[in-house]
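Right, one structure below, let's go through it.
Just so you know, all these numbers are worked out from the coordinates, no wet-lab data involved. On a predicted model such as this, the values are computed, not experimentally measured, just so you know. Glycine also receives a Cβ, built like all others from the backbone with ideal geometry; neighbour counts cover every protein chain displayed.
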Amino acid sequence: MAGAGASPRDIDGYIARFPPHVRALLEQVRATIRKGAPEAAETIKYQIPTFVLNGNLVHFAAFSHHVGFYPTPSGIEAFREELAGYACAKGSVQFPLVEPIPLDLIERIVRFRVDEARSKPAPGNPAARKPAAEKTASKKRASKQSAAKTRAPATRHRPGP
């Protein structure tokens, strides 16, 4: 379901593509995320609804049999025990459409992600960048490694007969 039709321009357009019962679930998930992260911006990234706060905060999407929730690997790991009854991967969890969606758990995960987002420097913030000396050292190491890989193998001079 997530890839059905043309790419949506916004979250309203994304949700509108689904049957009424799925739309209702998606609106609940959206409202829950909004409650946990009222200052986050809504957008579409990777063709799915995304909330952004100092970078990607969380994503969600509807599929044939589940709602996918993507709070990054740290969000999954922090709530691993509570998510144990659901299919999880490194940065995602699947909530079956035939079961109640744990909105309280989603809200707690979102609040956890908000705390993480607030604790890291904003993208483009000079504090987020490596110091110039560290960048130069990294570039020199990478250049030496690259040069070592591309050099022609040494040949031995063999005396003639």
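Which parts of region 26-57 would a label at ARG9 reach, counting a residue when its backbone N lies under 14 Å from a point 7 Å out along Cα-to-Cβ? Counting backbone N atoms under 14 Å from the label point, the list is 44. Using the Karplus relation 6.51 cos²θ - 1.76 cosθ + 1.60 with θ = phi - 60°, the per-residue 3J(HN,Hα) values for region 64-69 come to 4, 10, 7, 9, x, 10 Hz, with x marking Gly and Pro.
Couplings for region 76-92, taken from phi via the Karplus curve 6.51 cos²θ - 1.76 cosθ + 1.60 with θ = phi - 60°, read 5, 4, 5, 10, 3, 5, 6, 8, 4, x, 10, 6, 10, 10, 3, x, 9 Hz in order; Gly and Pro are left as x.
Sites listed here are trypsin sites (Lys or Arg not before Pro) in region 1-50 whose DSSP assignment is loop and whose Cβ has at most 11 other Cβ atoms within 10 Å: ARG9.
Applying a DSSP loop filter and a limit of 14 other Cβ atoms within 10 Å to the chymotrypsin sites (Phe, Trp or Tyr not before Pro) in region 1-57 leaves TYR46. Using θ = phi - 60° in the Karplus curve 6.51 cos²θ - 1.76 cosθ + 1.60, the 3J(HN,Hα) couplings for region 95-103 round to 9, x, 5, 8, 10, x, 7, x, 4 Hz; x is entered for Gly and Pro. Dimensions of region 11-119 along the principal axes, based on C-alpha atoms and rounded to the nearest Å, stand at 38, 30, 22, largest first.
So, by mean Cβ neighbours within 10 angstrom, what's the order for 52-63, 70-81, 104-115 with the highest one leading? Numbers along the way, then the final one.
Details: 52-63: 20.0, 70-81: 16.7, 104-115: 18.2.
In decreasing order of mean packing, 52-63, 70-81, 104-115 become 52-63, 104-115, 70-81.
Our estimate of slack between LYS35 and ALA84, defined as 0.36 nm per intervening residue step minus the Cα-Cα distance, is 15.2 nm.
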